[in-house]
Amino acid sequence: IGVIGWQLWNSKERHIYIIATNDIHASIEAMPKLATIVNELEQEGEVIIVDSGDRVSGNAYVDDSQYPGVPIIELMNNIGYSVATLGNHEFDKGPKLLQSAISHAKFPILCANLQSNREELSTPQAAVAIKSSNGIRFRIAGVVTTFDGGHPEGSNEVYEGLAFSDPFEAANTAFAAAKRGEVRLLLSHMGDDKDMEYAAQSNNCDIVIGGHTHVVLDTVINNIVVAQTGRKLKHVGVTSLRMKGRKIISADYRNIPLSGYAKDSTTLALVEQIEDNPQLKIKVGEFAEAVTHIGFADLLTKSLAEGMNTQLAFYHYGGIRLAEHPAGDIKLSTIYNLEPFESKIHTITMTPAQLRKMIIAKYNDTLNPKESHRVDLFCNTPYDIILDKRGEAVDVRFPKLKENSKYSVAMADYIGKKYPSIEGDDRTKHNVLVTDMVLSYLKNHPNTQLSNKKLQKTVKP
């Protein structure tokens, strides 16, 4: 442009809203409210809508549809998403179904640190350039966590034929192609700790919209906005970005609760269409009383012990995906929402000493700090984790077990595959779904009585 044109353009302030989501986990019931806030902001100015991964694994109407994962993509198409990245749960059902979901998206789905050597899955774009109608240019890159043995969280089998590079390096490489004046936006599914670490050492980024750790975050590190909206669309992130020429004047981020918004009627009709699945609405049992997260742990451990005919059963905190359920009828969709990962079962014979070693190793876990220093392993027998003055586990007491005895144990395969220090005899992998064991238990125990009382606790010095 000419000198006068440049001076006029350089003096004019431009504005856009960046609407961000992460870890939706198939919460389609909240999408009509998201559509409402998008519509309202579109009345005020231009918007781009971005997502930082984990759109699936949490709702049977999405995860167990005829085309798994596609219903949430169709809703995102309808709302008008601009770009997204991959989360670890996008890989849960394997590369073929992931490719199917990606192919239905009318927006680019990025992952700069993934190289696919599988015929079923194309290597995603690393980054994309987007230009708003008022001339604001974006360079948007996406990365996924690799801090679980070199790939995202999940079973090793899912990631066969897929190669993941360091997400920090991949993001920097993607942004190296950014042109002068482009706003560099990273869609990260690494977790808030890694996002802040990246921002602290990066000179290549302006905004990091994160996911994975389910926190509500709004901070600035090294002049980089670092944000996350929690999980299941309880909040939506909105950045009000103002620029003058090629300079960012302000990038004001806030997390907005969706609870107070009305439901957009068009999006609501699409959700109702997705939920029109009579099979998933079949009654499979009844709870005598309201159930909490602890009550669901009781259900899962009882189901595994009874179904596999073992004395003990363990289930992990993160594998229990429902927080509560009222007394009364239980639908089939509830059981699939409780355990959406199609987990199977391992059995093993262990002594209290071996159980103790497993529990202590997980409590003090340094490889997965977000899962450590909490009671992570629920069991159908009580135990106390004894802590030292530093807060580290040093012992475990089992009031109902005999030290010199051996016990048959059932556990979800995620524990068997991923948790450290599991030792014992007769270790067996069973081709039996956890959900089938739960359904069998509910059938055998009409008007199911469960306990919401914790059987495990920590004891401080």
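Since only Ile140, Phe91, Ser103 are under comparison, the one whose Cα sits farthest along the positive direction of the charge dipole of the range 33-184, derived from C-beta charges on Lys, Arg, Asp and Glu, is Ile140. Reducing the range 259-316 and the range 404-455 to their Cα centroids gives an inter-centroid distance of 18 Å.
At 1.4 Å probe radius, can you tell me the per residue accessible area of the chain in Å²? List each step's numbers first, then the result.
Details: 20140 Å² over 461 residues.
Dividing the accessible area of the chain by its residue count gives 44 Å².
Of the GluC sites (Glu not before Pro) found in the range 32-135, those that fall in a DSSP loop while having at most 12 other beta-carbon atoms within 10 Å are Glu119.
Quick one: in the range 300-430, what % of C-alpha pairs are over 17 Å apart?
Values: 5083 of 8515 pairs.
Looking at the range 300-430, the distances longer than 17 Å represent 60 percent of pairs.
Expressed as a whole percent, the accessible area of the range 146-235 that falls on carbon and sulfur atoms is 44 (1.4 Å probe).
Measuring how big the range 363-442 is from its alpha-carbon positions, Rg and Dmax come out at 14.9, 44 Å. Assuming charge only on the beta carbon of Lys and Arg (+1) and of Asp and Glu (-1), the dipole of the range 245-286 about its Cα centre is about 380 debye to the nearest 20. Stretching the chain fully between Tyr317 and Ser240 yields a gain of 24.1 nm (0.36 nm per residue, less the alpha carbon separation).
Evaluated at q = 0.22 Å⁻¹, a Debye calculation over the C-alpha positions of the range 74-136 (equal weights, vacuum) places log10 I(q)/I(0) at -0.98.
With a cut-off of 15 Å between beta carbons, the residues surrounding Arg242 carry a summed charge of +2, where Lys and Arg count +1 and Asp and Glu -1. The residues packed around Thr458, meaning those with a beta-carbon under 10 Å from its beta-carbon, carry a net charge of +2 if Lys and Arg are +1 and Asp and Glu are -1.
Check each of the trypsin sites (Lys or Arg not before Pro) in the range 377-446 and keep only those in coil by DSSP with at most 12 other C-beta atoms within 10 angstrom; list them in order. Working shown, then result.
Values: sites: Lys389, Arg390, Arg397, Lys400, Lys402, Lys406, Lys417, Lys418, Arg427, Lys429, Lys443; in loops: Lys389, Arg390, Lys400, Lys402, Lys406.
Sparse-neighbourhood loop trypsin sites (Lys or Arg not before Pro): Lys389, Arg390, Lys400, Lys402.
The Kirkwood hydrodynamic radius of the range 201-359, based on inverse pair distances between different Cα atoms, is 20.3 Å.
The residues packed around Thr428, meaning those with a beta-carbon under 13 Å from its beta-carbon, carry a net charge of 0 if Lys and Arg are +1 and Asp and Glu are -1.
Mean separation of Cα pairs under 8 Å and 6+ residues apart, divided by the residue count of the chain: what relative contact order is that in percent?
Numbers: 1062 pairs, mean separation 71.8, N = 461.
Normalised by residue count, the contact order of the chain is 16 percent.
Note the full-extension length gain between Glu289 and Lys263 as 0.36 nm times their separation in residues minus their Cα-Cα distance, in nm to one decimal. Show your work: numbers first, answer last.
Details: separation 26, 0.36 × 26 = 9.36 nm, distance 3.07 nm.
Residue separation times 0.36 nm, minus the Cα-Cα distance, leaves 6.3 nm.
Ignoring ligands, DNA and RNA, what percent of the 1.4 Å accessible area of the range 5-143 is carbon and sulfur? Carbon and sulfur atoms account for 45 percent of the accessible area of the range 5-143.
Counting only Cβ charges, +1 for Lys and Arg and -1 for Asp and Glu, the dipole size of the range 104-203 around its Cα centre is about 920 debye. Mean residue ellipticity, 222 nm, helices only, the chain: the sum of -39500 (n - 2.57) across DSSP H runs of n ≥ 4, divided by residue count and rounded to 500, is -8000 deg cm²/dmol.
The values are calculated or read from the model by the stated rules, or taken from the named source; none is laboratory data. Remember, predicted model here, so these are calculated numbers, not experimental data. Virtual Cβ from ideal backbone geometry, glycine too; neighbours counted across all protein chains shown. Protein only, heavy atoms only, side chains kept; ligands, DNA and RNA dropped before computing areas. Shrake-Rupley method; radii C 1.70, N 1.55, O 1.52, S 1.80 Å.
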